[in-house]
1. Can you give me the distance in nm between label points at Ala277 and Leu262, each placed 7 Å from the Cα along the Cα-to-Cβ direction?
2. Compute the length gained on full extension between Leu200 and Thr269: take 0.36 nm times their separation in residues and subtract their Cα-Cα distance, giving the result in nm to one decimal.
3. At a Förster distance of 25 Å, what's the computed FRET efficiency of Val210 paired with Arg235, Cβ-Cβ distance as r, to 0.05?
4. Where the only charges are on Cβ atoms (+1 Lys, Arg; -1 Asp, Glu), what is the dipole of segment 194-265 about its Cα centre, to the nearest 20 debye?
5. Label points 7 Å out from Cα along the Cβ direction at Met146 and Thr111: separation in nm?
6. Taking Cα pairs under 8 Å and at least six residues apart, what relative contact order does segment 194-265 come out at, in percent?
7. For segment 194-265, rounded, prolate or oblate, judged on the Cα gyration tensor with a ≥ b ≥ c (square roots of eigenvalues), a/c < 1.5 rounded, else prolate if a/b > b/c?
8. Please report the relative contact order for segment 132-193, taking Cα pairs under 8 Å with a sequence separation of at least 6, and give it as a percent rounded to a whole number.
Amino acid sequence: MAGALTATCSSIEIDQADQLSAGPAERAASVPLQGKRLAFIGGGTMAEAMIRGLLDKHLVPPSHVFVTGPRRERRAELAKQFGVKALASNADAAQGAHIVVLSVKPQVLPTVLRELRGKLRAVLREGLDHATIVRAMPNTPAQIGMGITAWCATASVERDQRDRAKAILGALGEEIEVEEEGMVDMATALSGTGPTYVFLLMEALVDAGVHLGFSRRVAEELVLRTVEGSAAFARRSGRHLAELRNMVTSPGGTSAAAIYELEKGALRTVLSRAVYAAFVRTRELGAEAQQKLQRTKQ
Ligand SMILES: NC(=O)c1ccc[n+]([C@@H]2O[C@H](COP(=O)([O-])OP(=O)(O)OC[C@H]3O[C@@H](n4cnc5c(N)ncnc54)[C@H](OP(=O)(O)O)[C@@H]3O)[C@@H](O)[C@H]2O)c1
């Protein structure tokens, strides 16, 4: 299913359950991941966040989790921290798994697929031209279980397989299933890259506070709480963001003065252009990965 591999995919889940599970009774289990073995190909930041969430929520036991990576120290660290099985061979890890999570950087993906090709069960043969794929884009707050992941499934992903993908991604925080793969690229630019925008804005605000004369510690506390509180308030009030902003913008007041400067500095345009640039780059990286993949197949 080459289409699913075209972009900066954070993870692709390939379900081999049909080949491995005991039968319909097991597939119909009410707990989507019960009895399933998971292989994480690439044990980096995102895999670690997913493993932590899955184990914390008791969705799978550590003995059912395999993770791979090229560095021995990293494998030892993951095995020690989570009690999972950490292997050097991607093929070995994937071979016995019901679900394979490809959690490597997009540029590493073609190499990994080449390694896995032909070594797995029937569904993954023929160069991984495989129809049952979920593509997902999480973001960094996933590391504390507060991420947001946009994901989409190919048409051949069945209900129970979707439920399993939902359970895995739910271990990272919230998840939203989007209608088409292009929207995962859009989410990459908005929420996947999103923490970068927010951190930069927060950093700039802290610096502004220091410029006013606050200590860095106090400025950071004021900014962090302001951002946390504003997000929680926006969510709970359910009001339009412009309405919330208007509530604190009195005529001739401080907010009005600040907004005047922000608009003059074209903050909205700059943000919009930044998100669009991230989207274009997502597509470029996806195209590069696709080309690399085609070359490895020839
Ligand atoms: N981190 C984020 O905030 C974030 C947010 C949204 C989406 N994503 C996406 O999530 C995906 C994974 O990102 P990440 O942040 O988890 O990356 P990461 O921390 O760099 O993890 C990738 C892991 O893959 C390992 N690796 C490298 N070559 C390998 C190979 N041939 N076989 C098996 N493993 C190999 C790396 O090992 P070494 O370290 O030893 O090289 C590393 O541990 C990417 O597609 C990324 O775009 C990440």
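A short reminder: the numbers here are calculations on the coordinates, not readings from a lab. Keep in mind that this is a model prediction, so the values were computed, not measured. So basically every Cβ, Gly included, is an ideal-geometry build from the backbone, and we count neighbours across all protein chains shown.
1. With each label placed 7 Å out from Cα toward Cβ, I get 2.0 nm.
2. Additional length available on full extension: 23.2 nm.
3. FRET efficiency, Val210 to Arg235: 0.30.
4. With only Lys, Arg, Asp and Glu charged at Cβ, the dipole is about 240 debye.
5. That separation, rounded to one decimal, is 3.5 nm.
6. So the answer I get is 15 percent.
7. Cα axes put segment 194-265 in the oblate bin.
8. Rounded, it is 42 percent for segment 132-193.
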